[in-house]
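The values are calculated or read from the model by the stated rules, or taken from the named source; none is laboratory data. None of the values given here were measured: they were computed from a predicted structure. Glycine gets a Cβ as well: all are built from the backbone with ideal geometry, and neighbour counts include every protein chain shown.
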Amino acid sequence: MIPPLSTPALVVDLDVFDANVAALSDLLRGTGKTVRPHVKTHRTPELAKRQLGDSAVGVTCATVGEAEVMVAAGIHDVLIANEVVDEAKLERVVELSGQAQVGIVADDPGPVEALSRAAARASVTVGVLIDVDVLLHRCGVASIPEALALARVIDAAPGVRLAGLMGYEGRVRLSTDRRDERIAGAYQLLGETRRALVDAGFHVEVVSAGGTSTLREAIADPTITEVQAGVYAVMEPELLAMDLPFRCAVTVRGTVISRHSGHFVADVGRRTVGLEYGPPVPVGLEATHIAVSDEHAIVTLAGAPPALGSQVDFIPRQIRTTFNLHDHVWARRGSELVGYWPVSARGASQ
Ligand SMILES: Cc1ncc(COP(=O)(O)O)c(C=O)c1O
């Protein structure tokens, strides 16, 4: 049952979403690589499932909570691409491993040993990818000797197995200084780490890396086996300048609630649209300025403002926080509403 759309409403254009998913499959075809779509982007199982098949066997999650929601929705292969160190959460990872193929990343022996104890007690095996800090300087081992030491710990511990490497480089914008050099350096480090592990006798099945901004480089790289891109399926305006075959698929639809000469006000505010990368982009209007408060977008424009009560679509610049502000997303094909799905992992940050 699809309820009538009530603004402010999160809306996904399924034709564009599906075309983005197909476009990534086309990019991957013949490369031997897969995509493990990062579902932190939308936290919506119905959308995650549309990304599977063809070139994608499983999803990437940022939190244990996201992974639990995806598995409960019927997704059987999840990678938690984030460090998990507390025992209660590691117990949840083990529990989840009884229901699905679960992988996790680590950059320290302590959590691996704790995970190993819990997994061995439950008689399950959890795949562990060594997180390598290739560029982002967030998490990840800082050197090849550290990676080797961690590989030995994983290898010796029951209940865990070395599944491979992760080297997430972060968003590398077109404006980033020495962009090509930085990406090449990151992937070189990833390749050298893999080589050192293989030379030491370890089997490195998976090398997982890459986001939407580095998709072309990740696909061209010989070491990387799977890309973890997420935003590609719905896109953000900033990434449109890149040479990528994706379009923006999501808008927050608002209603014009006040109208004046030179500006209008829509019921779309920071409680319904993520602002970290700037104000949202109104579709089909030449706005000269947008100010956003809790429940309002005040749009200044040169021409006549749209009619009172009419609807205006806004493309969010930060899609991940936008989804996390909504309980549901409407799906449309053209002007027809075809779905109404819970953003089930909304708030699943634990
Ligand atoms: C570890 C990791 N991998 C992959 C991604 C996906 O990047 P994008 O959403 O830009 O495609 C992210 C995004 O934050 C991430 O944190």
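Laid out as a table, the results:
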item	result
Scope the range 158-181; condition surrounded by fewer than 18 Cβ atoms within 10 Å (Cβ to Cβ) and in contact (Cβ under 8 Å) with a residue 40 or more places away in the chain; matching residues	Pro158, Gly170, Arg171, Arg173, Leu174
Odd one out for Glu192 among (1) in contact with a strand residue (DSSP E or B) (Cβ under 7 Å, 6 or more places away or on another chain); (2) more than 15 Å from the ligand (Cβ to nearest atom); (3) not hydrophobic (A, V, I, L, M, F, W, C)	(1)
Sole residue being farther than 20 Å from Thr225 by Cβ and crowded, with 18+ Cβ neighbours inside 10 Å, chosen from Val78, Val71, Val85	Val71
Any hit, the range 247-256, residues being surrounded by 20 or more Cβ atoms within 10 Å (Cβ to Cβ), under 25 Å from the mean Cα position of the chain (by Cα) and among the polar types (S, T, N, Q)	yes
Condition met for Ala88 (in the same structural domain as Arg161 (by TED's automatic domain parsing) and either within 16 Å of the ligand (Cβ to nearest atom) or under 29 Å from Tyr340 (Cβ atoms) (or both))	no
Test: Ala241 is at pLDDT 95 or above and buried (at least 19 other Cβ atoms within 10 Å of the Cβ)	no
When residues of the range 204-236 are limited to those that are of a type in the set (S, T, N, Q) and in a loop (DSSP other than H, G, I, E, B), the one farthest from the ligand (Cβ to nearest atom)	Thr223
Yes/no for Glu83 being within 13 Å of the ligand (Cβ to nearest atom), free of Cβ contacts under 8 Å to residues at least 60 places away in the same chain and farther than 19 Å from Arg346 by Cα	yes
